[in-house]
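Enquirer: There's a structure below that I have some questions on.
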């Protein structure tokens with residue numbers, strides 16, 4: 001079973017200083033982080049900005065025009081598995097009168113293609129649960145650290161004398 005998701009935005013993990021692109025489902029119940037390098041983040045941001053510029057200029061993306069002229073359309077973008085913390089999926093394209101062509105892609109490439117071809121990303125339910133478990137498993141210590149920092153931030157210095165040392 002696949003869950004349809006769209007690019008929601010960027011996040012920066014304050015502890016690890018790593019960037020993630022967030023995918024969110026249509027019901028706004030699930031989010032999947034896709035950790036990206038700074039170069040990939042720039043490419044994704046350029047795609048977002050470029051999409052706006054293209055819509056204002058009336059010009060289409062060169063690759064999109066080329067595919068259109070060749071009668072090829074991207075029909076599906078999916079994320080199907082996770083291995084060593086990296087998301088993998090497929091991009092499916094179709095040429096008029098031909099069979100589908102499927103190419104393996106990584107999660108960051110799925111994001112770029114989703115933006116470029118204005119298609120949702122279909123995320124396998126198993127990956128969705130694994131990504132959630134991975135983020136909980138890897139982020140458990142981070143979550144505890146955050147709660148401790150919040151506790152310290154909210155601690156009134158007047159209360160310090162109440163506890164025996």
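The values are calculated or read from the model by the stated rules, or taken from the named source; none is laboratory data. Note that the structure is a prediction, hence the values are computed from the model and not measured. Cβ coordinates were reconstructed from backbone atoms using ideal geometry, including for glycine residues, and neighbour counts include every protein chain displayed.
Enquirer: Of the residues that make up the range 101-110, is at least one in a strand (DSSP E or B), touching a residue at least 40 places away in the same chain (Cβ under 8 Å), touching a helix residue (DSSP H, G or I) at 6+ places or on another chain (Cβ under 6 Å) and buried (at least 20 other Cβ atoms within 10 Å of the Cβ)?
Expert: Going through the range 101-110, the residues in a strand (DSSP E or B) turn out to be 101-106.
Narrowing further to those that are touching a residue at least 40 places away in the same chain (Cβ under 8 Å): none.
Scanning the range 101-110, I find no residue that is in a strand (DSSP E or B), touching a residue at least 40 places away in the same chain (Cβ under 8 Å), touching a helix residue (DSSP H, G or I) at 6+ places or on another chain (Cβ under 6 Å) and buried (at least 20 other Cβ atoms within 10 Å of the Cβ), so the answer is no.
Enquirer: Shifting gears a bit: Can you work out which of the residues in the range 1-24 that are buried (at least 18 other Cβ atoms within 10 Å of the Cβ) and within 12 Å of the chain's Cα centre (by Cα) is farthest from residue 79 (Cα to Cα)? Walk me through how you get there before you give the answer.
Expert: Looking only at the range 1-24, we keep the residues that are buried (at least 18 other Cβ atoms within 10 Å of the Cβ), and these are 3, 5, 7, 19-21, 23.
Still in the running and within 12 Å of the chain's Cα centre (by Cα): 5, 7, 19-21, 23.
Details: 5: 10, 7: 13, 19: 19, 20: 16, 21: 14, 23: 11 Å.
In this case the residue turns out to be 19.
Enquirer: Examine the range 55-64 for a residue that is within 16 Å of the chain's Cα centre (by Cα), over 14 Å from residue 117 (Cβ atoms) and outside any strand (DSSP E or B), and state whether such a residue exists.
Expert: No: the range 55-64 contains no residue that is within 16 Å of the chain's Cα centre (by Cα), over 14 Å from residue 117 (Cβ atoms) and outside any strand (DSSP E or B).
Enquirer: If you don't mind, another one. Is it the case that some residue within the range 28-44 is in contact (Cβ under 8 Å) with a residue 24 or more places away in the chain, loosely packed, with under 13 Cβ neighbours inside 10 Å and either within 16 Å of residue 122 (Cβ to Cβ) or out of contact with any helix residue (DSSP H, G or I) (no Cβ under 9 Å at 6 or more places or on another chain) (or both)?
Expert: Scanning the range 28-44 turns up no residue that is in contact (Cβ under 8 Å) with a residue 24 or more places away in the chain, loosely packed, with under 13 Cβ neighbours inside 10 Å and either within 16 Å of residue 122 (Cβ to Cβ) or out of contact with any helix residue (DSSP H, G or I) (no Cβ under 9 Å at 6 or more places or on another chain) (or both).
Enquirer: Still on this model: If we scan the range 114-127, do we find a residue that is more than 17 Å from residue 26 (Cα to Cα) and either in a strand (DSSP E or B) or within 12 Å of the chain's Cα centre (by Cα) (or both)?
Expert: no
Enquirer: A further question on this structure: If you take the residues of the range 66-98 that are out of contact with any strand residue (DSSP E or B) (no Cβ under 7 Å at 6 or more places or on another chain) and either at pLDDT 95 or above or assigned to a strand (DSSP E or B) (or both), which of them is surrounded by the fewest Cβ atoms within 10 Å (Cβ to Cβ)?
Expert: By that ranking, first place goes to 83.
Enquirer: Would a scan of the range 91-98 turn up a residue that is under 15 Å from residue 131 (Cβ atoms) and in contact with a helix residue (DSSP H, G or I) (Cβ under 7 Å, 6 or more places away or on another chain)? So that I can check it myself, show each step before the final result.
Expert: Going residue by residue through the range 91-98, those that are under 15 Å from residue 131 (Cβ atoms) are none.
No, the range 91-98 contains no residue that is under 15 Å from residue 131 (Cβ atoms) and in contact with a helix residue (DSSP H, G or I) (Cβ under 7 Å, 6 or more places away or on another chain).
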